[in-house]
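The values are calculated or read from the model by the stated rules, or taken from the named source; none is laboratory data. No experiment lies behind these values; they were computed from the predicted model shown. Note that we place each Cβ from the backbone using ideal geometry, even for glycine, and neighbour counts take in every protein chain shown. In case anyone asks, the SASA skips ligands and DNA or RNA and just uses the protein heavy atoms, side chains included. Shrake-Rupley method; radii C 1.70, N 1.55, O 1.52, S 1.80 Å.
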Amino acid sequence: MSGESSSSVNPSMASLKLDDTAEIERGQELDIVIAGGGLAGLALALALQERNIEAYVFEAHPNFRSDTATAIGIGPNGVTALEGIKPGLSSMIAQAGTYTTSIKLYRITDGKENPLRETNMPPKDYVTVRWKSVQEILARLVDNNRILFSHKLIGYRPCKGGVEACFRCGNALDRIKIVRTKLLIGADGIWSAVRKQMVGDSPRYLKMVDWNGLLYNPDLKVYQGIKEGEIVARTEDKTLPFTIIAHAGDYTLWILRKKDESGDLAKSLVGGRGGLGTPGCKDSALQQLDGMQGWDTLRKAIEVTSEDIISERLILDRFPLDKWSDADGHVLLIGDAAHAQYVGPGQGARTAFEDAHQLSLLLQLSSHSSFTEESIQLSSHSSFTEESIQHAVKRFEELRIPRLKKMQQYASYSTRLPEFQPEWVQKLTMEERTRMAEEYTKWVHAYPHKQECDPESTYFK
């Protein structure tokens, strides 16, 4: 393989050609390599560390991202998964965020704001917290000797007993390192290089663009009228534009989401994707509100936010897969690399935490089954046979793929855009849609019970 782009990888994996001019080094052989230092990768590394299983995180960037200008919501299934990763972890994260007490939805008609509904939330069931705060907490808990920066995965190739993972590394990414591992975990996000080689597909554009900002606001002076713990959502019709303002610890989040059926908004973003602090992103966000009446709260929120902490991005998902593994079970996708979904239902981070929890449990079980009495006495760390890795990966897919297929499908239905809904969903009455949403919430929050489906439901059997 030559060059730095994962798009040049041969999906058949028949060979991996390396740049003849690059310096090549061989790294140590490792049981588990995690490609990606986002929430999924760090959560898995921590879960394995808690179970005395040695794993190393290889992050492409020279350090963790400074910010993402966004926050995540963590509900009951996320709390259960976090506690399974490390007891007390959900409380640590909650302390950095704000417990949600109510969700208020307003519809703006003819420039006037009309309340639609208010939902009071169960005490301490949901928390809103900065994405960056969660990453910082996870990173502090993982042994820093097991996190390697400036290691960009460029591909992998099968070898006896595992795979060779190939990375560009160094400050200029001008060296190539080959690391042999029994299990390569692709936790490298929606633009996953691991998935690119494994499947060869690309993210799907859901014809929506988000602008969001996360403003330091510890005394709640900036967004007066929105109380701590409230999430306020506004919409003009049944779909978009749509906005959210929510407090997340010492920060306050605003989101503006617009439809882009023509694709013109996507074309206007820097690099076709946008990013954090891209030139003109603040003006672009304000332009979406030109001529619109009744959006003064959001307009003021954007105006007081510095451009360098405003993010603009495409709303993307991934098509569901029947298989998340490759190379006879020695390569596995998790998190957004496996099952990125529309952000509406708010399950992206929660399902990444579920993945980390379940995979760590299965690898712990497999490592114990591969021990001999002598190896237990000689090693303080878990070890694996090829068969034990394959068994854990197979069982992980059996548990997780049916669940996430249903969740990805429901998320795409939640766009309310006809091109992402089958005809039977478009024909549902409001009462039937409400029932589907209630069944979804009940089933998802029951984690880890009924992981694959809810046989008692109508829509998630």
If you scan segment 91-112, which residues turn out to be surrounded by 12 or more Cβ atoms within 10 Å (Cβ to Cβ) and assigned to a loop (DSSP other than H, G, I, E, B)?
-> 96, 97, 100, 101
Taking residue 249 as meeting all but one of (1) open to solvent by less than 10 Å² (accessible area, probe 1.4 Å); (2) within 17 Å of residue 220 (Cα to Cα), write down the number of the exception.
-> (1)
Return yes when residue 244 is free of Cβ contacts under 8 Å to residues at least 40 places away in the same chain, surrounded by 14 or more Cβ atoms within 10 Å (Cβ to Cβ), assigned to a strand (DSSP E or B) and within 23 Å of the chain's Cα centre (by Cα) and no when it is not.
-> yes
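Let's see how each residue does on (1) crowded, with 18+ Cβ neighbours inside 10 Å; (2) modelled with pLDDT of 95 or more:
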| residue | (1), (2) |
| --- | --- |
| 1 | yes, no |
| 4 | no, no |
| 9 | yes, no |
| 22 | no, no |
| 28 | no, no |
| 40 | yes, yes |
| 75 | yes, yes |
Among 87, 115, which is assigned to a strand (DSSP E or B) and either more than 24 Å from residue 310 (Cα to Cα) or within 17 Å of the chain's Cα centre (by Cα) (or both)?
-> 115
Conditions (1) outside any strand (DSSP E or B); (2) open to solvent by 10 Å² or more (accessible area, probe 1.4 Å); (3) modelled with pLDDT of 95 or more; (4) of a type outside the set (Lys, Arg); number of the one not met by residue 205 = (1)
Sort out which residues of segment 61-71 are closer than 29 Å to residue 254 by Cβ and either among the hydrophobic types (A, V, I, L, M, F, W, C) or at pLDDT 90 or above (or both), and write them in order of number.
-> 61, 63, 64, 69, 70, 71
Report yes if residue 53 is under 17 Å from the mean Cα position of the chain (by Cα), at pLDDT 90 or above and either of a type in the set (A, V, I, L, M, F, W, C) or not in a helix (DSSP H, G or I) (or both), otherwise no.
-> no
Could you list, in sequence order, all residues of segment 118-149 that are in a strand (DSSP E or B), surrounded by 13 or more Cβ atoms within 10 Å (Cβ to Cβ) and not hydrophobic (A, V, I, L, M, F, W, C)?
-> 128, 130
Residue 169 versus (1) open to solvent by 20 Å² or more (accessible area, probe 1.4 Å); (2) of a type in the set (A, V, I, L, M, F, W, C); (3) at pLDDT below 95: which is the lone unmet condition?
-> (1)
If we keep only residues of segment 282-303 that are more than 27 Å from the chain's Cα centre (by Cα) and charged (D, E, K, R), then the residue farthest from residue 105 (Cα to Cα) is 283
With the first residue restricted to segment 139-158 and required to be over 15 Å from residue 65 (Cβ atoms), and the second required to be among the aromatic types (Phe, Trp, Tyr) and at pLDDT 95 or above, Cβ contacts under 7 Å at 6 or more apart or on different chains are 146/56; 148/56; 148/58; 151/58; 151/167; 153/58; 153/167; 154/167
Just to be sure, is residue 225 over 24 Å from residue 317 (Cα atoms), over 18 Å from the mean Cα position of the chain (by Cα) and open to solvent by 10 Å² or more (accessible area, probe 1.4 Å)?
-> yes
Looking at segment 408-418, is at least one residue assigned to a helix (DSSP H, G or I), open to solvent by 60 Å² or more (accessible area, probe 1.4 Å), modelled with pLDDT of 95 or more and farther than 22 Å from residue 79 by Cβ?
-> yes
Those residues of segment 178-192 which are surrounded by fewer than 24 Cβ atoms within 10 Å (Cβ to Cβ) and either out of contact with any Asp or Glu (no Cβ under 8 Å at 6 or more places or on another chain) or not in a strand (DSSP E or B) (or both) amount to 189, 190, 191
If we scan segment 253-264, do we find a residue that is touching a Lys or Arg at 6+ places or on another chain (Cβ under 7 Å), open to solvent by 60 Å² or more (accessible area, probe 1.4 Å) and not in a strand (DSSP E or B)?
-> yes
Subset of segment 427-436 that is part of a helix (DSSP H, G or I) and open to solvent by less than 90 Å² (accessible area, probe 1.4 Å) - its residue that is nearest to residue 460 (Cα to Cα) = 436
